[in-house]
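One structure is given here, and the rest of the page talks about it.
The values are calculated or read from the model by the stated rules, or taken from the named source; none is laboratory data. Owing to the predicted nature of the structure, the values given are computational and were not obtained by experimental measurement. As a convention, Cβ positions derive from the backbone with ideal geometry for all residues, glycine included, and neighbour counts pool all protein chains shown. Accessible surface areas use protein heavy atoms only, side chains included; no ligands, DNA or RNA. Shrake-Rupley method; radii C 1.70, N 1.55, O 1.52, S 1.80 Å.
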Amino acid sequence: RAGERGGLSRKAAGAAVTLAGIALLSAAMVPLRTHLSLATPALVLVAPVVAGVAVGGLTSGLVAVAAGFVAYDVLFIPPYGTLTVGVAQNWTALGVYAVVMLIVARVVAFLQQARTVARRHEEATRRLYLLSDLLIGDQPVAGVLQVIASTVHQLFGARGVAVLLPRTDGDPDLDGWHGLQVTATAGEPLSEEDVMALGPVPGRPEQLRWRRSGETVTRVALSARDRAVGMVVMAGPELDGHGSELLTIYTNQAALALERSQLREQALRSELLAEVDRLRAAMTGAVSHDLRTPLASMKAAVSVLRQPRDDGAGEVSPADRAELLALVEEQIDSLDRLVANLLDMTRIQSGALELRPAIVPVADVVDGALRASAVPPGTVAVELAADLPPVEVDPVLMEQAVANLLDNAARHSPDGRAVELVAAHGEGVVEVAVVDHGPGIPTADRERVFQMFNRSAGGGRAGLGLAIAKAFLEAHGQTVRAEEAPGGGARLVVTLPVAAVPVDAA
């Protein structure tokens, strides 16, 4: 209806332009008509015909031809003021005028129509070009759906647009299009009545368009490779043949873009699940290994304590009993550290890690790390520079991070060689280095040793301890790196932020 009203208004405007032009030009030429040849007014009156066709189309041009014919006969062919033509020469002039004007009107109308078609094709090409960005881009499904809705709304002059996809709740009572849900909208929202009418009713012929509330509701399936992936519903003016064809092409391209985004998200979910399975398998293997060793040691110690000695000497001697109990206690401490690491890992992965910074001396951090680690007392050579400033860290987390580095160094340090801990003042940080003289870490593995459960890196160095230490340091905005130790072995260096105020002022 809006299109019809627009066409009528254009025709009326064209007729008005034609009549006004004929009147003005005739008024200008009438005083001079006795001095003008018969051909001159005919040529001048071509202008209103061209203007009328340009504004209102061929219909306005025909009005211009008729009005110009009358004006030419009455005002410029003797006898003036009547429709009487007179001599045969005047009939010829009128006939030529009428034929020429009709040809001019038809040619101008054809050119106008060709220009309009060219503009529409240009606009259609531009629309499809805009859509091609979706096909080559990596937008998420929600973004593609919203672009489809907003583009249809803007480019087709719709009052409201909705994009619908099949429900994902798995309701068995919703089959086919009965299971549709609105996933994106643009413009005015569709009424509840329209939404209820979107799904087809079994046994009833369906139409792509139906009229409701004085407008047309158009429903087009989003089909990709002969498979429906959704539906676009548009409420607004009725489209002509070209508009309907363009909408079909657009929705087909949009369906490809939507399917591509859906497949990409499915691939990402598959990769995520595969990574989760890999981490789960790695964690199970790592935890099983770390659990089995202390449990086996405790099992053996308890078995010895419960059974009589084979040589008939009776119960275990007090010295052996004390040694076995010390072994059990040591393994329980190892299990306790493993459980603490697992809890720390859970906090890191869930984003629940919370810093409680305080200004503390470096010596306090080192002492806490020595107490928290499993390194036997007296097996760590500590060297702290005399001018070390206090640092601002979460003491509990930083002590655990350094303790994990000490435990790692102790496992790889040769028998009889002490683990070294050296702290020195750097630029705005304090660098704490933990050194062992074991097999070292290959250059290619110096980043992977800090990855969770990556047992293949660094000769088995990677695991929970180093990964947790790195996470704790990164939470402070600090770093940890692996280097080659002088004389062979591994040197793991962490940085601690220097406090902004002296410790006495805290």
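Condition first: touching a residue at least 40 places away in the same chain (Cβ under 8 Å) and not in a helix (DSSP H, G or I). Now tell me which residues in segment 62-120 satisfy that. Within segment 62-120, just Y80 meets the criteria.
What's the total number of residues in segment 257-275 that are within 18 Å of Q146 (Cα to Cα) and open to solvent by less than 70 Å² (accessible area, probe 1.4 Å)?
Quick first cut of segment 257-275, residues within 18 Å of Q146 (Cα to Cα) only: 257-265.
Now drop any that are not open to solvent by less than 70 Å² (accessible area, probe 1.4 Å), which leaves 257-259, 261-262, 265.
Matching residues across segment 257-275 total 6.
State yes or no: is L324 open to solvent by 60 Å² or more (accessible area, probe 1.4 Å) and either at pLDDT 80 or above or assigned to a helix (DSSP H, G or I) (or both)? The answer is no for L324.
Every residue in segment 397-423 that is hydrophobic (A, V, I, L, M, F, W, C) and in a loop (DSSP other than H, G, I, E, B), please.
A418
One residue stands out in segment 264-280 among those that are within 22 Å of L342 (Cβ to Cβ) and among the basic types (K, R): the one that is modelled with the highest pLDDT, namely R278.
Of all residues in segment 478-492, which are in contact with a strand residue (DSSP E or B) (Cβ under 6 Å, 6 or more places away or on another chain) and either in a loop (DSSP other than H, G, I, E, B) or closer than 12 Å to D436 by Cα (or both)?
Step one: of segment 478-492, the residues in contact with a strand residue (DSSP E or B) (Cβ under 6 Å, 6 or more places away or on another chain) are 478-483, 485, 489-492.
Scanning segment 478-492 gives Q478, T479, A482, E483, A485, G489, A490, R491, L492.
Residue-wise test of (1) part of a helix (DSSP H, G or I); (2) surrounded by 15 or more Cβ atoms within 10 Å (Cβ to Cβ); (3) modelled with pLDDT of 80 or more.
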{"position": "K11", "(1), (2), (3)": "yes, yes, no"}
{"position": "A15", "(1), (2), (3)": "yes, yes, no"}
{"position": "T18", "(1), (2), (3)": "yes, yes, no"}
{"position": "G21", "(1), (2), (3)": "yes, yes, yes"}
{"position": "S26", "(1), (2), (3)": "yes, yes, yes"}
{"position": "M29", "(1), (2), (3)": "yes, yes, yes"}
{"position": "L43", "(1), (2), (3)": "yes, no, no"}
{"position": "V50", "(1), (2), (3)": "yes, yes, no"}
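Counting the residues of segment 401-424 that are touching a Leu at 6+ places or on another chain (Cβ under 6 Å) and open to solvent by 30 Å² or more (accessible area, probe 1.4 Å) gives 0. Within segment 90-123, restricting attention to residues that are more than 60 Å from the chain's Cα centre (by Cα) and within 20 Å of S60 (Cβ to Cβ), which residue is surrounded by the most Cβ atoms within 10 Å (Cβ to Cβ)? For segment 90-123, the residue satisfying everything is Y97. When segment 387-400 is filtered for residues that are at pLDDT 90 or above, surrounded by fewer than 23 Cβ atoms within 10 Å (Cβ to Cβ) and of a type in the set (A, V, I, L, M), only L388 remains.
Give V55, V87 a once-over and let me know the one that is of a type in the set (V, I, T), at negative phi and exposed (fewer than 12 other Cβ atoms within 10 Å of the Cβ). Working first, answer last.
Details: V55 fails: exposed (fewer than 12 other Cβ atoms within 10 Å of the Cβ).
Result: V87 is the single residue among V55, V87 that is of a type in the set (V, I, T), at negative phi and exposed (fewer than 12 other Cβ atoms within 10 Å of the Cβ).
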